[in-house]
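Computed from the coordinates by the stated procedures, all read-outs in this text should not be read as laboratory data. Everything numeric in this text was worked out from a predicted model, so none of it was measured. As a convention, Cβ positions derive from the backbone with ideal geometry for all residues, glycine included, and neighbour counts pool all protein chains shown.
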Amino acid sequence: MRIVHAPSQLDRRPRAVAIGTFDGVHRGHLSVLRAAVASGLDPTVITLDPHPRIVLGNRVELITTLERRLELIQAAAIADTLVAAFTPEFMRLSPEEFVATYLTSIGAEAVAVGGDFRFGSKRSGSVETLAELGLTVLEVPEVEGVSSTAIRDAVRAGDLAQAAGMLGRPFDLDGTVVAGDQRGGTLGYPTANIAMDPQLVCPRYGIYAGEALGHRAAVSIGTNPHYGGTERRIEPYLLDFEGDLYGRRLVVELWERLRDEEVFDSEEDLVAQIARDVERTRAAVRPV
């Protein structure tokens with residue numbers, strides 16, 4: 001998939017363009033993307049970054065990083081993606097200016113959007129506006145009960161099965177491995193310490209089973225209260241893995257919430273519980 005940041009970087013050719021922020025690339029978003037792919041025209045995406053609600057001063061906990069969003073869009077068989085900067089200048093475009101600048105200039109003949117899609121200055125453009133301006137509006141099957149807001153709520157509650165059902169895949173964490181306390185290695189369970197963008201939604205603190213790099217992973221999310229921690233840590237232990245992960249980007253799927261964080265009577269009790277967590281992780285079932 002080719003990724004560009006301006007319409008001028010795309011050749012003018014017959015295209016079906018899916019438009020949206022696509023945070024999470026959940027089942028509803030996939031329905032939009034599939035409509036563009038099924039059209040027979042070159043499937044193209046216009047996605048917005050930063051998230052419009054963040055630019056407008058609202059607090060939004062994102063489901064995916066931009067890098068992860070683009071990977072998921074690529075997996076949906078999209079040919080080209082234009083990452084449009086959501087700036088004050090972008091916000092001031094009239095619907096007609098948006099269509100001329102971002103759609104007709106790249107050869108768009110059809111568009112795929114959600115039913116509540118709004119665009120242009122003061123959100124004055126709608127699905128009807130797109131049709132009035134000469135574009136074919138593709139039929140997008142509605143996926144009921146799925147929204148980014150509902151996914152965030154499920155993740156915050158630690159309900160990974162519900163989140164996966166809406167995403168169409170397990171919820172995952174995305175970050176870079178940085179140096180940590182290195183305490184896990186002394187306990188026999190060396191963990192990676194992931195630095196995650198604070199704008200991303202974080203699951204309810206606790207211990208989780210999941211997967212990373214093709215290995216089962218027991219993941220601790222929280223403050224590590226047994227050692228009196230106060231700073232949030234995300235620490236996966238990759239089962240049967242040997243190697244150096246420092247500086248590497250790691251995408252960690254979360255499959256099942258195993259338990260709350262705990263303070264133990266002794267380090268021996270902690271190690272025994274970690275062993276039980278690892279065995280439950282080996283037995284965990286991927287939710288989708």
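Across the options 52, 117, 176, the greatest Cα extent toward the positive end of the charge dipole of the chain (unit charges at beta carbon of Lys, Arg, Asp, Glu) belongs to 117. Counting only Cβ charges, +1 for Lys and Arg and -1 for Asp and Glu, the dipole size of segment 53-206 around its Cα centre is about 640 debye. Here is the list for segment 84-132: trypsin sites (Lys or Arg not before Pro) lying in DSSP coil, each with at most 11 other C-beta atoms within 10 angstrom of its C-beta, are 92.
When a/c is below 1.5 the answer is rounded, else prolate if a/b is larger than b/c, else oblate, so apply that to segment 6-54 with a ≥ b ≥ c taken from the square roots of the Cα gyration tensor eigenvalues.
Details: a/c = 3.87, a/b = 1.21, b/c = 3.19.
Cα axes put segment 6-54 in the oblate bin.
Just report the Cα centroid separation between segment 1-40 and segment 232-288, whole Å. Their Cα centres are 36 Å away from one another.
Note on segment 132-288: Kirkwood radius taken over Cα pairs, Stokes-Einstein applied at 20 °C and 1.002 mPa s, translational D equal to 128 µm² s⁻¹. To the nearest ten degrees, helix 267-283 and the longest principal axis of the Cα atoms of the chain are 50 degrees apart.
Projecting the Cα atoms of 270, 164, 8 onto the charge dipole of the chain, computed from C-beta unit charges around the Cα centre, puts 8 farthest toward the positive end. What you get for segment 47-97, charging only the Cβ of Lys and Arg (+1) and of Asp and Glu (-1), is a dipole of about 260 debye around the Cα centre.
Placing unit charges on each Cβ (+1 for Lys and Arg, -1 for Asp and Glu) gives the chain a dipole about its Cα centre, and among 90, 33, 136 the Cα reaching farthest toward its positive end belongs to 136.
Could you give the dipole magnitude of segment 1-87 about its Cα centre, charging the beta-carbon of Lys and Arg +1 and that of Asp and Glu -1, in debye to the nearest 20?
Here segment 1-87 has a charge dipole of around 180 debye.
Only one of (i) 18; (ii) 30; (iii) 26 was calculated from the structure for percent of Cα pairs over 34 Å apart, and its label is (ii). Applying a DSSP loop filter and a limit of 14 other Cβ atoms within 10 Å to the GluC sites (Glu not before Pro) in segment 88-149 leaves 139, 142, 144.
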